[in-house]
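The values are calculated or read from the model by the stated rules, or taken from the named source; none is laboratory data. Note that the structure is a prediction, hence the values are computed from the model and not measured. Using ideal geometry, Cβ is built from the backbone for each residue, glycine included, and neighbour counts are taken over all protein chains shown. Just the protein is used for accessible areas: all its heavy atoms, side chains included, with ligands, DNA and RNA removed. Shrake-Rupley method; radii C 1.70, N 1.55, O 1.52, S 1.80 Å.
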Amino acid sequence: MTKRKPTTAPSTNDPPHLQPGSQVEISSNDPGFRGSWYTGVIIKRPSSKKPNKFLVQYTHLFEDEAGTTPLKETIDAVDIRPLAPRESTRKFKFSEEVDAYYNDGWWEGVITKELENGNFHVYFKRSKEQLEFGEEQLRLHREWINGSWTPPLAGDEQVKESDRAVTEAKMKFNKVVTQEKLKRDNAASKKKSKSVLAGSGEKLGSGKITMDKIFCKGAHVEVTSDEDGFEGAWFAGTIVKVVGKDRYLVQYESLRTDDDTDFLKEEFDDLHIRPCPPEIVMADRFQKLDEVDAFYNDGWWVGVISKVLSDSKYEVYFKATKEEMKFEHSELRLHQDWINGKWVAAFQV
């Protein structure tokens, strides 16, 4: 009887989740797949010359249309993590960050509405799309940071009840302040749009008329790019010209041309432009896991508070680059998303 050839290599000195045979989740930086995680298994480390590369085999992605040959790829270690934990039962809420199971993978999004049928609307920041999902298709979004999950499962949290009560009280107060501020700002924006339309004699029909009034020549906006190195960043600018249907020429307020003779101008579509977010004054300091924008290199970069260092200093984790950096309180703002013509503030999960 011949010996059967092993499907995975012998164990190594790598972390447990990078051992051959370990079930993992794999992310991709390819356009159209950013923000998604697919399950797979570690096969081996391809070469000692590439210490941070691993050969993986996907569980639900295949090389052929018939689905008979599982796809294999060589992936960087920073794009591999253990299988994310998931509560057996959970009642999801508005504004929570979640992963939604779609097209054989888990995609990062935020709940924007609880529907009467028990389902949820989930907004995906990267694709600027909103889809409906059932509770069984969702899980709380978590980050694998320094060898542990953030936030941890409820049973793993080592927090005193008194500390938890204080934290929740602060969060509740900040949330109330923020919601009231957003209500006022959204109401003011809607009132302004109606008054402008009334003055011009136009009817308030679809939201597109309102958007045309918001994104007009001279409007102050923020723009973002899908280019590598700029993902998750928003830069302030001014609309110089409406160049076509849902396309705008924007002049940056801080980025300059290569010869430094003028401020840089670029074209953007309506998926990569938004009004400047309303200012939200935090009644207290930020808390761990708050989603924030950090001002860095002339732009606002989306991140998560990973550690509170003092009353005015924090460590912020950036998902796109998997980096941590220190920031002062004055360099941070509460993250907000522009969804269907309204501002939605992010709160701690």
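Residue ranking by accessible heavy-atom surface, 1.4 Å probe, largest first, among Y123, Y296 comes out as Y296, Y123. Structure note, pairs K217/K313; K93/K245; K128/K245: Cα-Cα distances above 28 angstrom occur for K217/K313; K93/K245. The distance from the alpha carbon centre of the stretch 72-136 to that of the stretch 208-278 is 29 Å, rounded to a whole number. When peptides 31-40, 140-149, 82-91 are ranked by their average number of other Cβ atoms within 10 Å per residue, the highest-first order is 31-40, 140-149, 82-91.
The 1.4 Å probe gives accessible areas that order H17, H335, H329, H220, largest first, as H220, H329, H17, H335.
Ordered by packing density, taken as the mean number of other Cβ atoms within 10 Å over each peptide's residues, highest first, how do 99-111, 254-266 rank? Kindly include the intermediate steps, with their values, before the conclusion.
Working: 99-111: 19.7, 254-266: 11.2.
Ranking the peptides 99-111, 254-266 by packing returns 99-111, 254-266.
Label separation (T321 vs F263): 2.4 nm, computed from points 7 Å beyond Cα along the C-beta direction.
Carbon and sulfur: what percent of the stretch 290-345's accessible surface (1.4 Å probe)? List each step's numbers first, then the result.
Details: 1130 of 2460 Å².
Its accessible area is 46 percent carbon and sulfur atoms.
Expected output is a single nm value to one decimal: the length gained when fully extending between T68 and Q251, i.e. 0.36 nm times separation in residues minus the C-alpha distance. What is it? Full extension of this stretch gives 60.8 nm more.
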